[in-house]
Structure formats: C-alpha cells, structure tokens
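Derivation of every value follows stated rules applied to the coordinates shown; laboratory data play no part. Here the structure is a predicted model, which is why all the values come from computation and not from measurement. We place every Cβ from the backbone using ideal geometry, glycine too, and count neighbours over all the protein chains shown.
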Amino acid sequence: MQVEQQEQQQSEEQLLQQEQLKEIIVEGEEDAFKNVQKGLDGKYKQLLIDFWQNLIDDIQSLNDNILILQNEHNKEEEECDSYKQNKLPLARIKKLMKFDNELKMISSETPILFSKVCEVFIQELTLRAWSIVDSDKRRTVQKQDILNALTKSDMYDFLVDITSR
C-alpha cells in the first residue's frame, strides 16, 4: 500500500512539474509577442497586431492548403507554385548568402524562405516608420523615420551598429 501511495505521489509531482514547465514556456511566448508591440500606442499598436495576425492566418492557410494538396497528387505541382512567387530577387539573395565563406551549398528552399523573411521584415519596419509619419501628420517616409522606428523597439538592437553611421 505504501509503495503504491509513494508512486502515485511521485507521478502527481511529475505532472505538477510538467504543468509548471508549460506555464513557463507560455509566459515566455507571451513576452516575445509583447516585445513586438513596443514603441507603439493606440491605433498604431492595433495596426501592428492586425498585421501579425493576418500574417499568421496566411501562413496557417498556406499550411492547410499544402496538406490538402499532398492528398491530391495531380494538382500539387500546379497549385503549390503560389508560395514560390517572391517579391525579392532570389538570385540576389543567393549571392548575399554566398558571402559567407563557410557556406558551401544552398538548398533550393532556403532562398525562398529568406525572401519571405526579408519581405515580412521590410513590411513591419515600413509599418512602424509609417506610424511615425502619420502621427507627425506627414505623408512621406524619410530615412530618419525608419531610424526612429528602429530605436523605438529593442527588437531591432542588432541593427544599432549599422544605423549609427
């Protein structure tokens, strides 16, 4: 009897520890999303939230479409090409990636992924800069607006060396 009680107590403790670990992970994720909204107020904050929500919805719908297409092998080649349409030139992205001397080969999917990541980065930074322009009641985005947008969020601290020139 005592052995069974000890085993049950140990299993309950393990479950409690697992739940606490899940809470820590969820708290970390929430903090990461709060960081995205730093430096924005009011309607601009909501605009950025909507931007990211639409992006997440697009990615999820694309994933759902790919899963559907995997079941329909005949239409796969025709309809899967939509994700390969890029707004940035893949050849230039490959050229930039080859600046790293340690990089020997690049898979065909990597430049496509980098293109999409760069596209999202540019869109978000433009949205942040536009919020500054709009709050100043101007119509033209200038270099200083982009620099101000970068400094309002610590998410872009990795660009400090480049933008301080």
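Note on residue 116 and residue 138: the model spin-label points, each 7 Å out from Cα along the C-beta direction, lie 3.5 nm apart.
Taking 0.36 nm per residue of separation and subtracting the Cα-Cα distance, full extension of the segment from residue 49 to residue 9 would add 10.0 nm. Taking other C-beta atoms within 10 angstrom as a stand-in for reagent exposure, 4, 119, 124, 102 fall in the order 102, 4, 119, 124, fewest first. For the pairs 43/116; 45/98; 87/143; 98/152; 94/137, note any where the Cα-Cα span goes beyond 28 Å. Check vs 28 Å cut-off fails for 45/98; 98/152; 94/137.
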